[in-house]
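Each remark here refers to the structure printed beneath this line.
The values are calculated or read from the model by the stated rules, or taken from the named source; none is laboratory data. Please read all numbers here as calculations on a predicted model, not as lab measurements. Every residue, glycine among them, receives a Cβ derived from its backbone with ideal geometry; neighbour counts consider all protein chains shown. When the accessible area is computed, the model is the full protein with side chains, heavy atoms only, and any ligands, DNA or RNA have been set aside. Shrake-Rupley method; radii C 1.70, N 1.55, O 1.52, S 1.80 Å.
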Amino acid sequence: MAIREINFDGIVGPSHNYAGLSLGNLASARNAGAESRPRSAALQGLDKMRANLALGLVQGLFVPQPRPARGWLEQLGTTIGDAEPVLAANAMSASAMWAANAATISPAADTADGRCHLTVANLKTMAHRSHEWPATLAQLRLAFAHPAFVVHAPVPAAFGDEGAANHMRLTPAHGEPGVEVFVYGVSGGPFPARQHLEASKAIARLHRLDPGRTIFAAQSEDAIAAGAFHNDVVAVANGPILLAHEHAFADRGALVGELESKVPGFELVEVAEAEVPLGDAIRSYLFNAQLVTPPDGAMTLVAPTECRDTPSVAAWIERHLASNGAIRRVEYVDVRQSMANGGGPACLRLRVACEPDTVDPRFLVDEAKLDRLAEVIARHWPETIHVAELQSPALLADVERARSVLLETLNLDELMSG
């Protein structure tokens, strides 16, 4: 079977809320304390998966993690009922839905042993995400148990790693050897740089990558300070195409030069500050769109509706399409509940290039499975949550019950406890 790129989307969990826990994520801070809509958020996520299926893409999923994170609270000597409100909010976060932070992926064509390597991210910079990796690792080891894969535990927490959100792969085709670009941060002014260079180097070694086809590039400090907390807020790659903002990288010239020399057919699609100011790019999440190649070969940008609603971004997209550029089609998706918490279409998915029949089929979806999941979500996900309710016994019971029903529907009983 041929190598295909599979997008594994995180199902938005029933505890989805706006506690504003992510320093440097402007949308998260802007909507802190607002009422969230978990049911709408999860259904919007399913609709995005349907849109990918309609394009002819292979689509997968990851399930929500146990919430509250009772084991993590126990390590801190407390319970969800007794914890201070901020600590309780950290234990109720649904941020694992942003699967781009789950792991870093190196397809088999890039690795010395010819196996696809996955390293789960430690996410140590933010408390509410630092406890996600054990449950993520359990899902990855189940979904990718086939010998074609190697699943690694996280790099030591001394070095922050935030997964594929800071990693790009450029290649003539998904099944061919590629050049892997690890983007790290040095400083972001008032905000933390979340991806450490040493973490990226460790992953490259663990994945047994060819040093001659591995690039380490610093993210622009201006981008981090402006709210680009991950590289995928200002740049996205697909095939031989790099779509990036003018201010995405600290040394744009050096990176582009290397890619031009190492990637056959490389093309930079650069968005100038004069056309789309960095602030507009971050508010609209133009670069946090999914850039994909459907079977018909027409490279497609799966963009949030906020791009259509932002004049400078909408105008750039129209100009690019009219120019017969690398991107031939744009599909808009409504993921407003995720966007309000700081995650666009690209945040919601982890890309894995592999043979689909090597993946546990319980993690792959079709329309019928999405219909069943929609029924579960419509029946069991809370309609609304306010942060003041996060320690409510009734809400806690509803959240835990909802996840259990979802796992039963997917026959993933192995994940009931984690």
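Screening residue 318 against (1) out of contact with any Leu (no Cβ under 8 Å at 6 or more places or on another chain); (2) buried (at least 21 other Cβ atoms within 10 Å of the Cβ); (3) assigned to a helix (DSSP H, G or I) leaves a single unmet condition, (2). Residues that are in a strand (DSSP E or B) and crowded, with 24+ Cβ neighbours inside 10 Å within the range 89-116 comprise 103, 104, 105, 106, 116, listed in sequence order. Of all the residues in the range 244-287, those that are within 24 Å of residue 110 (Cβ to Cβ) and either acidic (Asp, Glu) or touching a Pro at 6+ places or on another chain (Cβ under 7 Å) (or both) number 8. Scanning the range 260-284 for residues that are open to solvent by less than 10 Å² (accessible area, probe 1.4 Å) and touching an Asp or Glu at 6+ places or on another chain (Cβ under 7 Å) gives 271, 284.
In the set 135, 148, only one residue is open to solvent by less than 40 Å² (accessible area, probe 1.4 Å), over 23 Å from residue 348 (Cα atoms) and touching a residue at least 12 places away in the same chain (Cβ under 8 Å); that residue is 148. All of 368, 353 fail the test of being of a type in the set (Gly, Ala, Ser), under 22 Å from the mean Cα position of the chain (by Cα) and over 30 Å from residue 310 (Cβ atoms), apart from 353.
Considering only residues in the range 252-301 that are without any contact (Cβ under 8 Å) to a residue 40 or more places away in the chain and of a type in the set (S, T, N, Q), the one that is nearest to residue 7 (Cα to Cα) turns out to be 284.
Evaluating residue 325 against the criteria (1) open to solvent by less than 20 Å² (accessible area, probe 1.4 Å); (2) touching a residue at least 24 places away in the same chain (Cβ under 8 Å); (3) under 25 Å from residue 220 (Cα atoms) leaves one unmet condition, (3).
I need the helices (runs of 4 or more DSSP H) fully contained in the range 170-275, keeping only those with at least 1 residues that are under 22 Å from residue 116 (Cα atoms) and modelled with pLDDT of 95 or more.
Counting at least 1 such residues, we get 197-206, 252-262.
Just one of the numbered conditions (1) open to solvent by 10 Å² or more (accessible area, probe 1.4 Å); (2) in contact with a strand residue (DSSP E or B) (Cβ under 9 Å, 6 or more places away or on another chain); (3) of a type in the set (Val, Ile, Thr) is not true of residue 79: (2).
Assess whether residue 61 counts as being over 20 Å from residue 336 (Cα atoms) and not in a loop (DSSP other than H, G, I, E, B). Against the criterion (over 20 Å from residue 336 (Cα atoms) and not in a loop (DSSP other than H, G, I, E, B)), residue 61 does not qualify. Residues that are within 16 Å of residue 42 (Cβ to Cβ), of a type in the set (Asp, Glu) and part of a helix (DSSP H, G or I) were ranked within the range 352-401; the one that is most open to solvent (accessible area, probe 1.4 Å) is 375.
Among residues of the range 69-85 that are of a type in the set (Phe, Trp, Tyr), those with a beta-carbon under 9 Å from a residue that is surrounded by 14 or more Cβ atoms within 10 Å (Cβ to Cβ) at least six positions away or on a different chain give the pairs 72/90; 72/91; 72/130; 72/131. Looking across the range 34-54 at every residue that is of a type in the set (A, V, I, L, M, F, W, C) and out of contact with any Asp or Glu (no Cβ under 7 Å at 6 or more places or on another chain), the one that is surrounded by the most Cβ atoms within 10 Å (Cβ to Cβ) is identified as 42. Within the range 157-164, identify whether any single residue is over 27 Å from residue 61 (Cα atoms) and crowded, with 22+ Cβ neighbours inside 10 Å, and answer yes or no. Taking every residue of the range 157-164 in turn, none turns out to be over 27 Å from residue 61 (Cα atoms) and crowded, with 22+ Cβ neighbours inside 10 Å. Among the residues of this structure, residue 294 counts as one that is surrounded by 15 or more Cβ atoms within 10 Å (Cβ to Cβ) and either in a loop (DSSP other than H, G, I, E, B) or of a type in the set (Phe, Trp, Tyr) (or both).
Here is a yes/no grid of residues against (1) open to solvent by 50 Å² or more (accessible area, probe 1.4 Å); (2) among the hydroxyl-bearing types (Ser, Thr, Tyr); (3) in contact with a helix residue (DSSP H, G or I) (Cβ under 6 Å, 6 or more places away or on another chain):
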| site | (1), (2), (3) |
| --- | --- |
| 223 | no, no, no |
| 232 | no, no, yes |
| 243 | no, no, no |
| 247 | yes, no, yes |
| 252 | yes, no, no |
| 258 | yes, no, no |
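Pull up the range 101-120, narrow it to residues that are among the small types (Gly, Ala, Ser) and within 26 Å of residue 400 (Cβ to Cβ), then point me to the one that is farthest from the chain's Cα centre (by Cα). Filtering first and then ranking leaves 103.
Here residue 397 clears all of (1) in contact (Cβ under 8 Å) with a residue 60 or more places away in the chain; (2) farther than 23 Å from residue 150 by Cα; (3) aliphatic (A, V, I, L, M) except the condition numbered (1). For the range 402-417, a residue qualifies if it is in a loop (DSSP other than H, G, I, E, B) and surrounded by 14 or more Cβ atoms within 10 Å (Cβ to Cβ), and exactly one does: 412.
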